[in-house]
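The values are calculated or read from the model by the stated rules, or taken from the named source; none is laboratory data. Computed from a prediction, not measured in an experiment: that's the story for all the values here. Surface areas here come from the heavy atoms of the whole protein model, side chains and all, with no ligands, DNA or RNA. Shrake-Rupley method; radii C 1.70, N 1.55, O 1.52, S 1.80 Å.
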Amino acid sequence: MAKNMFGLRSVIAVAGVSMLALTACTGPSSSGGGSAGGGSAGGPVVLGTTDKVTFLDPAGSYDNGSFMVMNQIYPFLMNTKPGAKDPTPQPDIAVSASFTTPTDYTVKLKPGLKWDNGTALDSKDVKFTFDRQLKINDENGPASLLGNLESVSAPDATTVVFKLKTPNDQTFAQVLTSPAGPIVDDTVFSPTSVTNDDTIIKGKSFAGQYTIDSYKKNELIAFKKYAGYQGLLGPAKSDATIKYYASSNNLKLDVQQGNIDVAWRSMTATDIDSLKSDSKVNVDIGPGGELRYIVFNFNTMPYGAKTSTPDAAKSLAVRQAASDMIDRNAIATQVYKGTYLPAFSWVPQGFTGAIEPMKANYGDGNGGPDADKAKKALADAGVQTPVTLNLQYNSDHYGPSSSDEYALIKTQLEKGGLFKVNLQSTEWVSYSANRTKDAYPLYQLGWFPDYSDADNYLSPFFSANNFLKNHYDNPSVQAMIEKQRSTTDPAARTKLIEDIQTAVAKDVPTLPLLQGAQVAVSGKSVNGVKDTLDPSFKFRLGVLSKG
């Protein structure tokens, strides 16, 4: 795995990538309310972000803004040390974790663990955590990551046994580090529904590196170091504050002026580029796995299954023709000034098994567009042109450059008169809810990995009943996804990962566009930023200090 991530870094370095990663994540709320200020040595580290918290309950959110906070306040069974080059998970609040039978993954907890409210943190909390994730199965939650989990048992206070459906799951330890993995307090959280933020705060159900001292949603969160944390990450070095911004311009201005200590997600490519020459700040770049893409809803896109003119062959031709028309290199250079790379598959370059079937199969075969090829694909399927595409995007969640990105995509698709694109933008909270309700025939999404394995770019998207809720279901792809998870031979597993990408490229359920990286901007007195820009893709406040 370390070799894989070195490869990923190399790809990014060659391209000069420097833009912050985005994902199935969040956006801003206020202009930065509250009184958080950077500055004094030894004081709380103040981080600014345009991300947004959806829910503090791990069962109710699956976005980077919420997960970033969860990583500070909740314990995990498995985790990775900040700065580790090898993202292979290690026990966090556990003392051991391993397969005790091909389908039994047994975790032994450390004894004497407690929540901030004084109650015991033991195996019943762990069983409760995963049982409720599966039961709630919120449409915007991460329960899909637990698709291979059959049941959880807690034979004693420090032992948890995960019974898996498929034996020898090579990704399960990684899943325990993911958004499905934060352990929650069974005395505070509801077993059947998403628990609101106020209940969690009042219940003091924290046992990570930090507790929450004060909370004003999407404006300001003040964190206090939690002395009771006994896990892999060690004690936090400083108290911390997160300040939320509506404007990336204000985020940039505040880190330049020292009003905050660290700016993390998201500024424009132009802003990042200009800050590199600012003597008052550091710009740190870490390995990235962000993917930006367009989702096709198989029910509501042109000729989709629930439209007035359902036709699977014509629907496929539309997706394939759109693939022929996209010029990713133009988007990467004109909109993002080279801070993103063109993505010709769903597994980013640098990960084991990454290939580029969309480059060979579509456009001019070398990554460029080909309108004649698109025209032929539509004509062969009997599709009348122009085809109307209702395409949704979001600019308060996927960064301020999304408007320019999708304006260029519209121009590319409409070139030659094959498509007519109705471009629409919706605020993130509504967008996030509507996309799973078949409201958008085509729409923008981004992805930041839950864990560092190619599977995390395949299972959540192309399994049946996937996170996208776009009604894509290919039994052959599903079978290969399940097989690669339990294949212990590395070469055989890599071949399966390649085959999945090849098969998906024929169906085009989503259209990959760009691959990005992690970037943080910090004041000169801030220490530890580089230690958290690692292949785990988790930002840990606990490594930061000032002075």
(message) On the Cα set of segment 443-496, report Rg and Dmax in Å, please.
(response) 11.9, 37
(message) With every protein chain kept in place and ligands, DNA and RNA left out, what is the accessible area per residue of segment 464-547? Probe 1.4 Å, answer in Å².
(response) 32 Å²
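Roughly what percent of Cα-Cα pairs across segment 234-353 reach past 24 Å?
Values: 3775 of 7140 pairs.
Result for the distance tail: 53 percent.
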(message) Against the empirical 2.2 N^0.38 Å scaling, what ratio does the C-alpha Rg of segment 466-540 come to?
(response) 1.61
(request) Step through the residues of segment 521-528 one at a time and calculate ³J(HN,Hα) from phi using the Karplus curve (6.51 cos²θ - 1.76 cosθ + 1.60, θ = phi - 60°), rounding each to whole Hz and writing x for Gly and Pro. (result) 10, 9, x, 5, 8, 8, 10, x
(request) Would you mind telling me the antiparallel percentage of the DSSP bridges in segment 385-448, rounded to 5? (result) 0 percent
(message) Just the number please: accessible area per residue for segment 200-325, 1.4 Å probe, all protein chains included, in Å².
(response) 36 Å²
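Calculate what fraction, in whole %, of the accessible area of the chain sits on carbon and sulfur atoms when a 1.4 Å probe is rolled over the protein chains. Don't skip to the end; give the middle numbers.
On the way: 9400 of 18830 Å².
Accessible surface attributable to carbon and sulfur in the chain totals 50 percent.
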(message) Would you work out the Kirkwood radius for segment 324-475? I mean one over the mean of 1/r across all pairs of different Cα atoms, in Å.
(response) 17.0 Å
(request) Name the shape class, rounded, prolate or oblate, that the alpha-carbon gyration tensor gives for segment 75-234, where a ≥ b ≥ c are the square roots of its eigenvalues, rounded holds for a/c under 1.5, and otherwise prolate holds if a/b is larger than b/c and oblate otherwise. (result) prolate
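Once a ≥ b ≥ c are taken as the square roots of the eigenvalues of the Cα gyration tensor of segment 366-427, is the result rounded (a/c under 1.5), prolate (a/b larger than b/c) or oblate (a/b not larger than b/c)? Don't jump to the answer; show the numbers that get you there.
Working: a/c = 3.18, a/b = 1.89, b/c = 1.69.
Since a/c reaches 1.5 and a/b is larger than b/c, the shape of segment 366-427 is classed as prolate.
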(message) For a quick size check, give me the Cα extents of segment 141-213 along its three principal axes, largest first, whole Å.
(response) 42, 28, 26
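What is the Cα radius of gyration of the chain over 2.2 N^0.38 Å, N being its residue count? Write out the running numbers ahead of the final one.
Values: Rg = 22.7 Å, N = 547, 2.2 N^0.38 = 24.1 Å.
Relative to the 2.2 N^0.38 Å estimate, the chain comes out at 0.94.
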(request) Stick to the Cα atoms of segment 387-482, pair each with every other, and give me the Kirkwood hydrodynamic radius in Å at one decimal. (result) 15.0 Å
(message) Probe of 1.4 angstrom, ligands and nucleic acids ignored: what's the accessible area per residue over segment 353-405, in square angstrom?
(response) 44 Å²
(message) Show log10 I(q)/I(0) for segment 394-547 at q = 0.12, 0.20 Å⁻¹, two decimals, from a solvent-free Debye sum over equal Cα scatterers.
(response) -0.74, -1.30
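Name the shape class, rounded, prolate or oblate, that the alpha-carbon gyration tensor gives for segment 329-403, where a ≥ b ≥ c are the square roots of its eigenvalues, rounded holds for a/c under 1.5, and otherwise prolate holds if a/b is larger than b/c and oblate otherwise.
oblate
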(message) If amide hydrogens are placed 1.01 Å from N in the peptide plane, which non-local residues have theirs closer than 5 Å to the one on E356?
(response) none
(message) Could you give the length gained by full extension between S96 and K204, i.e. 0.36 nm per residue of separation minus their alpha carbon distance, to one decimal place?
(response) 36.2 nm
(request) Would you give the gap between the C-alpha center of segment 421-465 and the C-alpha center of segment 143-181, rounded to a whole Å? (result) 25 Å
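Between A439 and K216, what length in nm is gained on full extension when 0.36 nm per residue of separation is reduced by their alpha carbon distance? Could the numbers behind the result be given before it?
Values: separation 223, 0.36 × 223 = 80.28 nm, distance 3.11 nm.
Additional length available on full extension: 77.2 nm.
Using 0.36 nm times the number of residues separating A379 and N249, minus their current alpha carbon distance, what extension gain do you get?
Working: separation 130, 0.36 × 130 = 46.80 nm, distance 4.64 nm.
Additional length available on full extension: 42.2 nm.
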(request) Inverting the mean 1/r over all pairs of different Cα atoms, compute the Kirkwood radius of segment 281-331 and quote it in Å. (result) 13.7 Å
(request) With θ set to phi - 60°, apply the Karplus curve 6.51 cos²θ - 1.76 cosθ + 1.60 along segment 203-213 and write out the HN-Hα couplings as whole Hz, x wherever there is a Gly or Pro. (result) x, 6, 8, 10, 7, x, 5, 10, 10, 9, 8
